[in-house]
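The structure appears below as structure tokens.
Computed from the coordinates by the stated procedures, all read-outs in this text should not be read as laboratory data. Keep in mind that this is a model prediction, so the values were computed, not measured. Using ideal geometry, Cβ is built from the backbone for each residue, glycine included, and neighbour counts are taken over all protein chains shown.
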Amino acid sequence: MQNIETNDNYWMPFTANAGFKADPRMIQRAKGMYYYDAEDRQILDSCSGLYTHAAGHSHPKIVEAVEKQLKTLDYAMAFQFGHPGAFELAERVADLTPGNLNKIFYTNSGSEAVETSLKIALAYHAARGESQRTRFVGREKGYHGVNFGGLSVGGIARNKNGFGPGLPHVHHMRNAYLSESRFTKGQPSEGWELADDLEQIVQTYGADTIAACIVEPIAGSAGIFVPPEGYLQRLRKICDRYGILLIFDEVICGFGRTGKAFGAHSFDVTPDIITMAKALTNGTIPMGAVACDTALYDAIAEGKDENVVELFHGYTYSGHPVACAAGLATLQVYEDEKLFERAEEMAGKFRDLVFSLNDLNIVRDIRSYGLLAGIDLEPGDKPGDRGYDLMKTCFEEGMVLRTSGDTFVLAPALIAEEGQLEEMIAIIRKSLAKWAA
Ligand SMILES: Cc1ncc(COP(=O)(O)O)c(C=O)c1O
């Protein structure tokens, strides 16, 4: 085998390419909670892939299902033809979603799930004679992927800058977090009224122009912002009052991350649409999905001849058989190993460990819920430098860490042992020592 270290051909995503190539962090294989490099050095994975590998890396049951599927049916025409795995997985996903979110549309990624959800919202209103409802409401610091719809409703400036104006008629609520909530364990008690930003947008632009409001139950990529108590309930109430669809983007929150199947369950609010991806297949094969309230599908399909396509949307690889096999095996593993329950049980211990870092002067804020935590560092001379440095130091110390600016995130796999969580915190403490005096 040719031993390629790095080269100039691979343009890496969301990566400082030049910096990486000057000092590469290469991973050769993975198993359970660990990565291994070319020298077989064990590297703890503190972000379960990229929030993907809830059941750990290379789970034998999922690997076996993928292998078997590849030998049986490697692909089936996705449009106008079907295969059993796609139907079976849709039923399993629908069993997990709350309320009547029983119509499952497959995509290949979280970004595509978001685009699909926005299009379904528009199609729903148009089908009901309200095609003037074309506005979307997102939230500051929201992350909904990198395609133009998701970028438009997203609220992370760095990702949007330089890519043009995006969708017209998009408005943003403020981030659902108040500075007085710093160092709150779990949900802050203050800040629910930030949901009234939606009411404000309704009053300014008119309810009958708004199609949907999209939020992550916990804002993930921006650094784990946990919704204040009552906030999501308030959003639901405003949406109901004005006929606005509520979309929960659960690409990170879904599949046990919050201690339940979805954030919707943990926060006891049922949206009209849930987008999901990542842990749907335990990250083994790319796949995303959109779960819709059956009422949306019914409205879109109503009155159409059964031989007419009701939604002109889909991807070549929607419901790819190998992804479906991975998804089915993954959901079985979650059930057999009781991983959602495990995440809920471990959440308290995890939170206590993460909050043990609050004795360090350099730690500016800690937020945590379920098996998710976001920690802000005091910036150095140049914002973002410390986060980048910390990521590199942790790798040298034997851990992959996800950082964004001067914020780092912990999202261990749901299989994490207490000792591994302790190891994560120990590596971070050691890596922060140079600034923590
Ligand atoms: C909430 C949310 N939505 C959408 C996405 C985009 O998913 P993908 O990178 O699979 O396109 C992400 C990715 O992290 C996400 O966290």
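The table below gives the values:
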read-out	value
Inter-probe distance in nm under a simple model that places probes 7 Å from Cα toward Cβ, at Phe87 and Leu311	1.9
Rounded to the nearest 20 debye, dipole of the chain from Cβ charges on Lys, Arg, Asp, Glu	560
For peptides 210-222, 273-285, 19-31, sequence by mean Cβ density within 10 Å, most packed first	273-285, 210-222, 19-31
GluC sites (Glu not before Pro) within segment 345-437: DSSP coil, no more than 13 neighbouring Cβ in 10 Å	Glu417
The chain: DSSP helices with Cα axial extent of at least 20 Å and average Kyte-Doolittle hydropathy no lower than -1.0	110-127, 321-336, 339-355, 418-432
Calculated P(r) tail over 39 Å for the chain, as whole % of Cα pairs	19
Between segment 51-129 and segment 284-350, the Cα center-to-center distance that results, in Å	4
Rg [Å, one decimal], Dmax [Å, integer] - segment 67-114, C-alpha atoms	12.6, 37
Charged-residue dipole, Cβ positions (Lys, Arg, Asp, Glu), segment 87-208 about Cα centre, Debye nearest 20	340
Sequence of Trp11, Trp435, Trp192 once ranked by neighbouring C-beta atoms within 10 Å, starting from the fewest	Trp11, Trp435, Trp192
Segment 63-336 - share of DSSP beta bridges that are antiparallel (%, nearest 5)	40
Approximate spin-label separation Asn17-Lys61, in nm, with each point projected 7 Å along Cα-to-Cβ	4.1
Assigned charges on the beta-carbon of Lys, Arg, Asp, Glu; segment 333-397 dipole about Cα centre (debye)	180
Inter-label distance for Gln200 and Ser131, nm, one decimal - labels placed 7 Å from Cα along Cα-to-Cβ	3.3
Sequence of Cys253, Cys47 once ranked by neighbouring C-beta atoms within 10 Å, starting from the fewest	Cys47, Cys253
Ranked list, fewest to most other Cβ atoms within 10 Å of each Cβ, for Asp376, Asp196, Asp45	Asp196, Asp376, Asp45
